[in-house]
1. Here's a check for you: in the range A:223-239, which residue that is surrounded by 11 or more Cβ atoms within 10 Å (Cβ to Cβ) and over 27 Å from A:Phe257 (Cα atoms) is farthest from the chain's Cα centre (by Cα)?
2. Could you tell me whether B:Glu87 is in contact (Cβ under 8 Å) with a residue 60 or more places away in the chain and more than 28 Å from B:Gly35 (Cβ to Cβ)?
3. Please list, ordered by residue number, the strands (runs of 3 or more DSSP E) wholly in the range A:317-388 having 1 or more residues that are more than 14 Å from every other protein chain (Cβ to nearest Cβ) and small (Gly, Ala, Ser).
4. Just for the range A:148-196: of the residues that are within 12 Å of chain B (Cβ to nearest Cβ) and acidic (Asp, Glu), which one is surrounded by the most Cβ atoms within 10 Å (Cβ to Cβ)?
5. Among the listed residues A:Gly213, A:Gly273, which satisfies the condition of being part of a loop (DSSP other than H, G, I, E, B), in contact (Cβ under 8 Å) with a residue 60 or more places away in the chain and within 14 Å of chain B (Cβ to nearest Cβ)?
6. Look through the range A:75-86, keep the residues that are out of contact with any Pro (no Cβ under 7 Å at 6 or more places or on another chain) and in a helix (DSSP H, G or I), and return whichever of them is surrounded by the most Cβ atoms within 10 Å (Cβ to Cβ).
7. For the range B:32-73, how many residues are among the β-branched types (Val, Ile, Thr) and within 7 Å of chain A (Cβ to nearest Cβ)?
8. Looking at B:Val101, B:Val141, B:Val147, B:Val158, can you tell me which residue is within 14 Å of chain A (Cβ to nearest Cβ) and either crowded, with 20+ Cβ neighbours inside 10 Å or part of a strand (DSSP E or B) (or both)?
Amino acid sequence: MTNRTRQNRIALTGGAAAAEALRQIEPDVMPVYPITPQTPIIETYAKLRADGEVVTEIIQVESEHSAISASVGSSAAGARTVTATSSQGLALMNEILYIASGMRLPILMVISARALSAPINIHGDHSDVMDARDAGWIQIFSENAQEAYDNVIIGMKLAEKVRIPTMVIMDGFSTSHSVENLEILPSEKVKEFVGEFWPEKYLLDVENPVTFGPLALQNSYFEFKVDQEKAMERAVSEYLAIAKEFERLSGRKKDYFEAYELEDAEQVIILAGSAAGTTKDVVDKLRKQGKKVGLLKINLFRPFPRKEIVEALKNAKSIAIMERAISSGTYPPIYQDILNGLYQTKQEKNIQSIVYSLGGRDIFAKDIEKVFENLIKEDMIGEIKYIL
Amino acid sequence: MKYHKDIFEIIFHARGGQGAKSAAEILAQAAVNEGKFVQAFPQFGPERSGAPTKTFVRISNKEIRTHEPIVDPDVVVVLDETILDSEIVTDGLDKNEALIVGTEKTDVEIRQKTGFGGKIYAVDANGISMDIIGQPRPNTVILGKIVQVTEAVGLDSVIDEFRKIFEKKIGQEATDKNILAIEKAYDTI
């Protein structure tokens, strides 16, 4: 036992909270390469390894490209594999992200989301994870340290259940470096929840030799990709089943998204990550003034639970989709997904695309209040609005 | 907790390497041990040894959801008085709120320097630390004064937390001295 207490109520940074969940899961292999603001996760875990609290094989590699490549090898060999990164690290991994998902390897990657260069910026936004949104990975966002902890546990089980690699995302600095209250589960409960990892097929199963990632040309590549996409579609309901199982275990509500004062809301903000907490405070304030406002916080982003989200928006008149990323040359990612869902269900709403907090720019409650006020006034502009 | 808001907010001003982050985290963990809700986070910027830093602490009896930086503190703590030469530390601090400064100077001198109209507590945290511990540990020593002024957490909770973190690292004797220094800062007027 170290001074990191094993008591139920503790205070940890989001990064340390993720490392605590990983300690309880105790993966077989963790290839790592440091990058701000992810480093506290692997640093905390490496210390646990050095202290003999876990037996995970930590592989220090020479780049993020190698970290994910080693993860692919390790996972294909049959080992429960976890890594972590941010920003340029995730961008450098890009080509191997598709290999991990195409080979259906259930790697868990914890991400402290950060801006992409240039100009150089080490602070939080969602540019890195949005860049990876089409790579065939499941993506789960976290609002705070508690959700980072919970989602690491949910994400590990989900990845292995559906054999799709999974990113658990927290906001760089605002969550990764902020000490917040955390309730942790008993380690044996976490181990029992996640279970042992016995892949159906793996390279070190010498009795049943298989090939991973072979050549597939015109006659079969297409079928592989369609099958992969079908698995991704099935992951929607599998996520919910595992999230609800975790809810029963922890007592903390889990769903595709968090509906905060959403049921009768006429003006709604949709966003993902740490600004959700600030938005809830604003919703409470405006509700006290009799304004029917609400929040839809995205938890599961890939696969995108389109049907369920648009169903929850049926009473909304005006919607602002606030994002910490740009999709250059068009509207930002979540906006595109929401618009698509609304169109498919023939719902006409006033919708506004807002970009905020790029490169760690602070977002204040007063900024969010202004977004709601503009929604109430239906003072909408067609173009993307930037909260500078 | 004294003062007026649902969430009690403290800003620490220090220089990189002076241990404001450690002090903030001890305070936060002590509050958690009392069943309270907390946040402790640095101002996110490049931290260089010796450069001015800001560290934020929130303590509340209910869940803290905001992730805004603190702009309207109840108390401002300055670990290193030379910060006052380059930074305006009293932004957002009202007349009924408090400024705690680690300094050999008097509260009157600090008032002259800052022009702050509210309560000023000048505490020679470095001097107390050198006298009792024999080493400069103003960051943890000043916790005693913060607790006395704000009543945000109990002195016992801070001491228990300090012991829990440091006893294995620095031994019982050094821990006892540090705690004595925290108590001394608590008792200074």
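1. A:Phe224
2. Details: in contact (Cβ under 8 Å) with a residue 60 or more places away in the chain: yes; more than 28 Å from B:Gly35 (Cβ to Cβ): yes.
So B:Glu87 fits the description; yes.
3. Details: elements: A:318-323, A:350-356, A:385-387.
Fully inside the range A:317-388 and qualifying: A:318-323, A:350-356.
4. Applying the first criterion (within 12 Å of chain B (Cβ to nearest Cβ)) to the range A:148-196 yields A:170-183.
Adding the requirement that they be acidic (Asp, Glu) leaves A:171, A:180, A:183.
Values: A:Asp171: 33, A:Glu180: 27, A:Glu183: 14.
Ranking the candidates gives A:Asp171 first.
5. Details: A:Gly213 fails: within 14 Å of chain B (Cβ to nearest Cβ).
Step by step, each of A:Gly213, A:Gly273 is checked, and only A:Gly273 is part of a loop (DSSP other than H, G, I, E, B), in contact (Cβ under 8 Å) with a residue 60 or more places away in the chain and within 14 Å of chain B (Cβ to nearest Cβ).
6. Going through the range A:75-86, the residues out of contact with any Pro (no Cβ under 7 Å at 6 or more places or on another chain) turn out to be A:76-77, A:79, A:84-85.
Restricting the remaining residues to those that are in a helix (DSSP H, G or I) gives A:76-77.
Values: A:Ala76: 24, A:Ala77: 17.
Among residues in the range A:75-86 that are out of contact with any Pro (no Cβ under 7 Å at 6 or more places or on another chain) and in a helix (DSSP H, G or I), the one surrounded by the most Cβ atoms within 10 Å (Cβ to Cβ) is A:Ala76.
7. Step one: of the range B:32-73, the residues among the β-branched types (Val, Ile, Thr) are B:32, B:38, B:53, B:55, B:57, B:59, B:64, B:66, B:70-71.
Adding the requirement that they be within 7 Å of chain A (Cβ to nearest Cβ) leaves B:32, B:38, B:66.
Of the residues in that region, 3 qualify.
8. Working: B:Val101 fails: within 14 Å of chain A (Cβ to nearest Cβ); B:Val141 fails: within 14 Å of chain A (Cβ to nearest Cβ); B:Val147 fails: within 14 Å of chain A (Cβ to nearest Cβ).
After ruling out the rest, the residue left standing is B:Val158.
Since every read-out is calculated from the coordinates, none of them should be taken as a lab result. These numbers were taken from a predicted model, which means no experiment stands behind them. Counting neighbours? That spans all protein chains shown, and the Cβs are built from the backbone with ideal geometry, glycine included.
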